[in-house]
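What follows is a single structure, written as structure tokens, with notes after it.
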Amino acid sequence: MFWDEKMETLRGKDLEALQLKRLKWTLAQAMKVPFYRGLFREAGIRPADVKAVDDVEKLPFTRKKDLREGYPFGFLAVPRQKVVRIHTTSGTTGKPTVVGYTKRDLAHWADLIARNLTMVGLREGDVFQNAVNYGLFTGGLGFHYGGELMGLTVIPAGTGNTKRQIEMINDFGVDAIHCTPSYAMHIAEVAEEIGATMPTLTTGLFGAEPWSESMRTELERKLDLSAFDSYGLSEMYGPGVAFECPEKDGLHIWHDCYLVEIIDPETGETLGAGERGEMVITPLVKEAMPLVRYRTGDMTMLREDGCACGRGQKISRILGRADDMLVIRGINVFPSQIEHVLLGLPEVGDHFMVYVDRVNYLDELTIEVEMKRETFSGELSDLARIQKRVTAALRDVLGIRTAVKLVEPGLLPRFEGKAKRVVDRRGGLF
Ligand code: DLL
């Protein structure tokens, strides 16, 4: 089933013609923003020089730093009065990025979400629990209006009060839940504690942070549902940019609304299908806040075309962020790799924290991981054996030595929104 079959399956020349038309419109829209007029002048390029979709490669990049400097309304291409909603990014340092939406933007956004919800098999009348933060975070209202548009019964549950969330799932006969994968894991854990099952739940839409295939396996087993990966970022409306279809082999990025490139984050050079790099997106229908070649910082790769579901362009699941990548004694480490290793070991649980320190000028990685209740005997010889096994498994995959600390079940923090599992303590040591 499709929400918009024509757009979702558009191919070849028809797709290219539409992308080019929309790219030109986006560039005209961008030229209403002083930042872009300056950027294009500096780069010695005019929008009229773009005559084919591939010409996008000639255009300069936009970076997160540029958006920050434009705080609050510097990137608006429409009068502020035409902006009917604002969201902000969940930045932890400095000012957030403000994202504005016109009525048309909100309609486009809801439409994309409706495509995703339909793609994973939801139908009009299904009950949908939206267990993400409803504030400035785009996950709440984004999914809310997309769900209503396609006729789902939307429960704006928000986050927190996990026992109540489980109760609502059972009382309202919820079919699908949307939350971060870390919160889904917490819900599973609380359900286990109180001995609850959630028999009506068939579908889980999880995103807003990186999560591994092993995490999917765990969530599907514990919650007894089918779990789909959902990707988006506030700068591109929010969720709904790319989503898994039932093949669960890469995410379809909506090719009529987002032009995607993968580049080498160091050199800026464009990479081909199958080559891992940073994703750069030029949105094609954004009215209030058009962007040109936005550096997402997210690491992925383009997949070859040809999905069994009939839809177009796919990317791989996000491996991590170009800027979150930890460089430990010269080796690149992504937190998602650590998660993958830990979830593959039956002796340890699903919760971990990563600490980075600099000791005698050397980076040290310490990983705290919770034991499983079943394996937590407290016997020292058992602990030593498990610790050795975890350390060896991590060394095999990461290629570096780590200090593993086993902790009692239930000791590490739980997250309702995006998990913050990496604590870099190297700053301030200089
Ligand atoms: O997280 C939008 C969203 C809401 C997506 C709900 C999915 C579900 P931001 O707060 O601006 O927006 O954060 C965007 O989160 O650049 C990625 O680094 C990361 N991210 C989002 N989805 C995924 C995912 C929302 N499925 C940033 N896998 C992005 C990995 C993800 N990382």
First in segment 4-31 and assigned to a loop (DSSP other than H, G, I, E, B), second anywhere and modelled with pLDDT under 95, Cβ under 9 Å, 6 or more apart: T9/G312; L10/G312; R11/D305; R11/G312
Residues of segment 182-206 satisfying the condition of being closer than 24 Å to T296 by Cβ, small (G, A, S) and either at pLDDT below 95 or open to solvent by 10 Å² or more (accessible area, probe 1.4 Å) (or both): S182
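For every residue, the table says whether it meets (1) more than 30 Å from T202 (Cβ to Cβ); (2) out of contact with any strand residue (DSSP E or B) (no Cβ under 7 Å at 6 or more places or on another chain); (3) at pLDDT 95 or above; (4) open to solvent by less than 10 Å² (accessible area, probe 1.4 Å).
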| residue | (1), (2), (3), (4) |
| --- | --- |
| C257 | no, no, yes, yes |
| A288 | yes, no, yes, yes |
| D298 | no, no, no, no |
| D305 | no, yes, no, no |
| K314 | no, no, yes, no |
| L319 | no, no, no, no |
| I328 | yes, no, no, yes |
Filter result for the condition that a residue is part of a helix (DSSP H, G or I), modelled with pLDDT of 90 or more and either among the hydrophobic types (A, V, I, L, M, F, W, C) or at positive phi (or both), over L406, L342: L342
Matching residues, segment 20-58, being open to solvent by 20 Å² or more (accessible area, probe 1.4 Å) and within 24 Å of G146 (Cα to Cα): R22
Residues located in segment 75-90, provided they are part of a loop (DSSP other than H, G, I, E, B) and either touching a Cys at 6+ places or on another chain (Cβ under 8 Å) or surrounded by fewer than 17 Cβ atoms within 10 Å (Cβ to Cβ) (or both): P79, V84
So V190, is it closer than 18 Å to T162 by Cα and of a type in the set (V, I, T): yes
Only one of T138, T153, T118, T88 that is at negative phi, more than 12 Å from the ligand (Cβ to nearest atom) and touching a strand residue (DSSP E or B) at 6+ places or on another chain (Cβ under 8 Å): T153
Subset of segment 214-232 (residues that are polar (S, T, N, Q) and near the ligand (Cβ under 10 Å from one of its atoms)): S230
Any hit, segment 169-176, residues being in contact (Cβ under 8 Å) with a residue 60 or more places away in the chain, in contact with an Asp or Glu (Cβ under 9 Å, 6 or more places away or on another chain), within 30 Å of T300 (Cα to Cα) and not in a loop (DSSP other than H, G, I, E, B): no
Residues of segment 199-241 satisfying the condition of being assigned to a helix (DSSP H, G or I) and under 30 Å from A288 (Cα atoms): S234, E235, M236
Odd one out for W211, checked against (1) touching a residue at least 60 places away in the same chain (Cβ under 8 Å); (2) surrounded by fewer than 21 Cβ atoms within 10 Å (Cβ to Cβ); (3) within 16 Å of the ligand (Cβ to nearest atom): (2)
Unmet criterion (only one of (1) buried (at least 21 other Cβ atoms within 10 Å of the Cβ); (2) within 16 Å of the ligand (Cβ to nearest atom)) for V292: (2)
Sole residue being within 14 Å of the ligand (Cβ to nearest atom) and farther than 23 Å from R216 by Cα, chosen from E261, E287, E235, E266: E235
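The values are calculated or read from the model by the stated rules, or taken from the named source; none is laboratory data. Given the structure is predicted, the values throughout are model-derived calculations rather than measurements. Here the Cβ is made from the backbone with ideal geometry for all residues, glycine too, and neighbour counts use every protein chain on show. Only protein heavy atoms, including side chains, enter the accessible area calculation; ligands, DNA and RNA are left aside. Shrake-Rupley method; radii C 1.70, N 1.55, O 1.52, S 1.80 Å.
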